[in-house]
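Novice: One structure is given below, represented as structure tokens, and several questions about it will come after.
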Amino acid sequence: MLAYIIRRLWQILPTMAGVILLIFFLFNVVGGDPAYLLAGKISNPEQIANIRKQLGIDEPYWMQLLIFVKQVVTFDFGASWSTNEVVSQIFATRLPASLMIGIPLLILETIIAVCIALAVAYVRGSFTDRAAMVTCTVAQSVSILVYIIVFQYVLAYKFGWFPVQGWGNGFLENLFKFAALPILIALVVSLAPNIRLYRTFLLDEVNQDYVRTARAKGLSENRVMFVHVLRNASIPIITNLMIQLPGLLVGLFLIERFFSVPGIGREVILAVERSDFPVIKAVTVYVALATMLANLAADLLYKAVDPRVELK
Amino acid sequence: MTTAAINPNNPALGIERSPGLWSLAWKRLKADRIAVVSMVIVIAFLLLSFAAFFGLIAKDWNKEIAINYAPPTLFKDSHKPAADLRPGAATDAGPAVDGAAAKPEFINDRDPLREVIIELKAQLGQSTGAADSGIKIVDPLADVLTELRKQLGRTGDGAANVVEAKRLDYLPFGADKWGRDVLAKVIQGSETSILVGFAAAIVATILGTVLGAFAGYYGGKTDDALNWFYSIFSSIPYILLVLAIAAVLKQKGVVTVVLILGLTGWTSIFRLVRAEYLKHKARDYVRAANAIGASNLRRMFVHIFPNISHVVLVQLSLHVVLFIKSEVILSFLGFGVPVDTVSWGSMLNESQNELILGYWWQLAAATVFMAVLVTAFSLFTDALRDALDPKLK
């Protein structure tokens, strides 16, 4: 087990090196010279040279690459170009808000999506099943932007059930007042694709022999579906959850932006708008790392869920 | 005689040509009612965007032909026109033409002569009562303004090159902030979104197919290298990669958006195509091709590719939907198509502020058009996949 984890972590290194190279290529080679951008419209050559020196971009590429690697390893990306806030500080202060929306969302979404998927898989082929699938397809076709605009307008602005936007200081105030509508919208948006996905996972299982055996033994339908089928379908469901996890941090960027939630996603949008390269670089590298670790975690969870799985 | 022997359709031989994959798939597709309906909708959208592309329809979407926020025809009584909400127009006591559809407002926010118009109107005392006639409304200032405009030449954003004399009170789909026809805009937006969706999907499909073919066919070192490349791109969440590239590429334009989406979206196609080539490369027909001296490239793309092209086609179709959705988000955020091109995303962006004022038609038009196309396209893709690979069902 330990040997497996170590080997997998070792395998992350070349991919991580590739991610660093890609980001470096994008921002330091393709991105061009940010000195003009930072110096503003009126600038003399001296200022520009100064800024270049400050950013370390007057160095040759290999030196810049070394600096970048050092930044990644030491978690020290310096300060944001536009606000001068230290990048690690930005991460630390923005993460709670993103998690405040992301974690309840993930829990609610999984429970609801699995339950609905179980229900429609149970009545597969019936009118209910087909109606549910068509609803999901149509719901998926409407842009997330429309959900946000309409829900914010109707539920918050018109009916006043939720604050239109903003963020507070208290934990409970944030969770139940400010995060409620963002979570609701994200839930509506993510349910449709997940129900469809989980339904196919469950359908793969309901026709298996063990299900027939379980029924033949006289088990109740609830027990067959929730204990036998669900347990066997949980491997792909867990994979899907784990894959979603890191993307959740930035995936909620539109919602965070509309509701002025001070999270990581909103920070990424702001950074792209302001050409704030250090922030984007840091977010991209660490989210990529988180993705790889989440994949490893998913593989380890397989073992916990299904003892037949062998970790090689 | 030899040709007759080779031709399997020759009735004299009594051999009936067995239907191929494509004709069987077409038969299955035709039998599927949902597939046919969604295909018709998709084709209608394609024709619409082709017509818009060649300037046959919706060419004048940028012209201001109606009053600001003119309501849609069906709902003409449900909204007061924007003109009455303006502080300047509030003093305007001219009788309304008929109930709610009130006097057109001749002042345009983007008009460089706006100040002049307001001033001149004040001088004229506003009482010339253009609306009294009710049928044909003539701006009393039109002559003066046309004269001034001629002197001014063509104005900045081309917004003012419209004679302000005749503006419609309502349009079938309503009008936007500048009085532009929402129907023309949404058609033009379909053209942009569909063009970007298809172009980006083609770029991604070609990239994914070629790389996947090399990785699967050659295996070994090539496979390792390409897999490494794949793992890099797939470890960064898609939307983050898109935003990172958008941050770097400063030039805005349709080509940039196509490149951003195409260069980031090839990974799932790569994985599937690679698996197919792994499966096919050891098959007998490929070895036979090798035996008759076909080169590697020929074996890859002339012999194997037609046998896996159905997988590629389904992926292409899937990615068009994905990229249309992504383009809308990018354009909404302002990282997508330039400002002078209309897209569903930029329409949604404008509609954000309009909704609070109660002008919902632009939002509705963009939403409905996009939802209909994407639903039809998704259903068509599902049907296509089932038709091409009945085992999957």
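Novice: Which of A:289, A:219, A:241 moves most in a GNM of chain A, Cα contacts under 10 Å?
Specialist: Evaluated over chain A, the most mobile residue of the options is A:219.
Novice: Give, as ranges by residue number, the residues of region B:267-293 whose backbone N falls under 20 Å from the point 7 Å along Cα→Cβ of residue B:206.
Specialist: Of the residues in region B:267-293, B:267-274 have backbone N under 20 Å from the label point off residue B:206.
Novice: Give, ordered by residue number, each residue of region B:293-339 whose 1.4 Å probe accessible area is reduced by a minimum of 40 Å² on adding the remaining protein chains to the chain alone.
Specialist: B:325, B:329, B:332, B:333, B:335
Novice: Give the average, rounded to an integer, of partner chain Cβ atoms located within 10 angstrom of each Cβ in B:243-253. Spell out each step's value before the answer.
Specialist: Working: counts 10, 13, 4, 3, 16, 13, 3, 5, 0, 0, 0.
For peptide B:243-253, the averaged partner shielding equals 6.
Novice: Check each residue of region A:107-147 and keep those whose accessible area, probe 1.4 Å, is at least 40 Å² smaller with all protein chains in place than in the chain alone; give them in order of residue number.
Specialist: Those are A:137, A:141, A:143, A:145, A:146, which lose 40 Å² or more relative to the chain on its own.
Novice: Report, to the nearest whole %, how much of the accessible area of chain A belongs to carbon and sulfur atoms, 1.4 Å probe, protein only.
Specialist: On chain A, the fraction of accessible area on carbon and sulfur atoms equals 65 percent.
Novice: While we're on this one: With respect to the cross-link table entries B:59/B:177; B:59/B:325; B:27/B:325; B:185/B:325; B:221/B:279, which display a Cα-Cα separation exceeding 21 Å? Walk me through the numbers before you get to the answer.
Specialist: Details: B:59/B:177 19 Å; B:59/B:325 24 Å; B:27/B:325 30 Å; B:185/B:325 18 Å; B:221/B:279 18 Å.
The pairs that break the limit, which is 21 Å between Cα atoms, are B:59/B:325; B:27/B:325.
Novice: Next up: Using a 1.4 Å probe on the protein heavy atoms only, what accessible surface does residue A:217 show? Give it in Å² to the nearest 10.
Specialist: 140
Novice: To continue, here is another question. Which parts of region A:9-25, residue by residue, lose 10 Å² or more of accessible area when the rest of the protein chains are there, as against the chain isolated (1.4 Å probe)?
Specialist: A:14, A:15, A:18, A:19, A:21, A:22
Novice: For chain A, with the dipole built from +1 on Lys and Arg beta-carbon atoms and -1 on Asp and Glu ones, taken about the Cα centre, which of A:282, A:180, A:170 lies farthest toward the positive end?
Specialist: Towards the positive end, the residue furthest out is A:180.
Novice: Considering only protein heavy atoms, what is the solvent-accessible area of residue B:281 at a probe of 1.4 Å, reported in Å² to the nearest 10?
Specialist: Number for this one is 70 Å².
Novice: Using a Förster distance of 56 Å, how high is the FRET efficiency between residue A:293 and residue B:339, based on the Cβ-Cβ distance and rounded to 0.05? Intermediate values should be presented prior to the final figure.
Specialist: Values: r = 41 Å, r/R0 = 0.73.
Using R0 = 56 Å, I get an efficiency of 0.85.
Novice: How much area per residue is accessible in region A:193-281 when the probe is 1.4 Å and only protein heavy atoms are counted (Å²)?
Specialist: Normalised by residue count, the accessible surface of region A:193-281 is 41 Å².
Novice: Along the charge dipole of chain A, which of A:119, A:84, A:64 sits closest to the positive end, that is, farthest toward it, with unit charges on the beta carbon of Lys, Arg, Asp and Glu (+1, +1, -1, -1)?
Specialist: So the residue we want is A:119.
Novice: Provide the per-residue ³J(HN,Hα) series for region B:205-218, in order, calculated from phi with Karplus coefficients 6.51, -1.76, 1.60 and θ = phi - 60°, each as a whole number of Hz, with x at glycine and proline positions.
Specialist: 5, 4, 4, x, 5, 5, 5, x, 5, 5, 5, x, 6, 7
Novice: With r as the distance between the Cβ atoms of residue A:161 and residue A:123 and R0 = 30 Å, compute the FRET efficiency 1/(1 + (r/R0)^6) and round to 0.05. Intermediate results must be reported in sequence, preceding the final value.
Specialist: Numbers: r = 33 Å, r/R0 = 1.11.
After rounding, the FRET efficiency stands at 0.35.
Novice: Another one. Between residue A:61 and residue B:298, what is the label-to-label distance in nm when each label sits 7 Å out along the Cα-to-Cβ direction?
Specialist: The modelled label-to-label distance comes out at 3.8 nm.
Novice: Could I ask something else about it? So how strong a dipole does chain A carry about its Cα centre when Lys and Arg Cβ are +1 and Asp and Glu Cβ are -1, to the nearest 20 debye?
Specialist: Working: 25 positive and 20 negative charges, 165 e Å.
The dipole of chain A has a size of about 800 debye.
Novice: Please give the total accessible area that chains B and A bury against each other, computed with a 1.4 Å probe and expressed in Å² to the nearest 100. Don't jump to the answer; show the numbers that get you there.
Specialist: Values: alone 20890 and 17350 Å², together 34790 Å².
Summing both chains' loss of accessible area gives about 3500 Å².
Novice: For region A:275-312, list residues with backbone N below 16 Å from a point placed 7 Å from the Cα of residue A:79 toward its Cβ?
Specialist: It comes to A:276-279, nothing else.
Novice: Moving on to the next point. For chain A, what does the helix formula give at 222 nm: sum of -39500 (n - 2.57) over DSSP H segments with n ≥ 4, over the residue count, nearest 500 deg cm²/dmol?
Specialist: -23000 deg cm²/dmol
Novice: Please report the accessible area of residue A:81 (heavy atoms, 1.4 Å probe, ligands and nucleic acids excluded) in Å², nearest 10.
Specialist: Looks like 60 Å² after rounding.
Novice: Let me ask you something else. For chain A, what are Rg and Dmax over the alpha carbons, in angstrom?
Specialist: Cα-based Rg and Dmax for chain A come out at 23.9, 85 Å.
Novice: For the pair residue A:8/residue A:227, report the inter-label distance in nm, with labels modelled 7 Å from Cα in the Cβ direction.
Specialist: 2.9
Novice: What part of the accessible area of region B:235-309, given as a whole %, is carbon or sulfur when the probe is 1.4 angstrom? Walk me through the numbers on the way to the answer.
Specialist: Details: 2000 of 3390 Å².
Here carbon and sulfur together make up 59 percent of the probe-accessible area.
Novice: Let me ask you something else. Tell me, in nm to one decimal, what length is gained between residue A:93 and residue A:169 on full extension, where the rule is 0.36 nm per residue of separation less the Cα-Cα distance? Mind showing how you got there, number by number?
Specialist: Values: separation 76, 0.36 × 76 = 27.36 nm, distance 1.21 nm.
This chain segment gains 26.2 nm when fully extended.
Novice: Kindly report the accessible area of region B:292-341 per residue (heavy atoms of protein chains, probe 1.4 Å, no ligands, DNA or RNA), in Å². Please list the in-between numbers first.
Specialist: Values: 1930 Å² over 50 residues.
Spelled out: the 1.4 Å probe surface of region B:292-341, per residue, equals 39 Å².
Novice: Give the calculated FRET efficiency between residue A:274 and residue A:46 to the nearest 0.05, with a Förster radius of 25 Å applied to their Cβ-Cβ distance. The partial results should precede the final answer.
Specialist: Details: r = 24 Å, r/R0 = 0.97.
Efficiency computed from Cβ-Cβ geometry: 0.55.
The values are calculated or read from the model by the stated rules, or taken from the named source; none is laboratory data. All values reported here derive from a predicted model rather than from experimental measurement. Glycine also receives a Cβ, built like all others from the backbone with ideal geometry; neighbour counts cover every protein chain displayed. Surface accessibility is based on the protein's heavy atoms, side chains included, excluding ligands, DNA and RNA. Shrake-Rupley method; radii C 1.70, N 1.55, O 1.52, S 1.80 Å.
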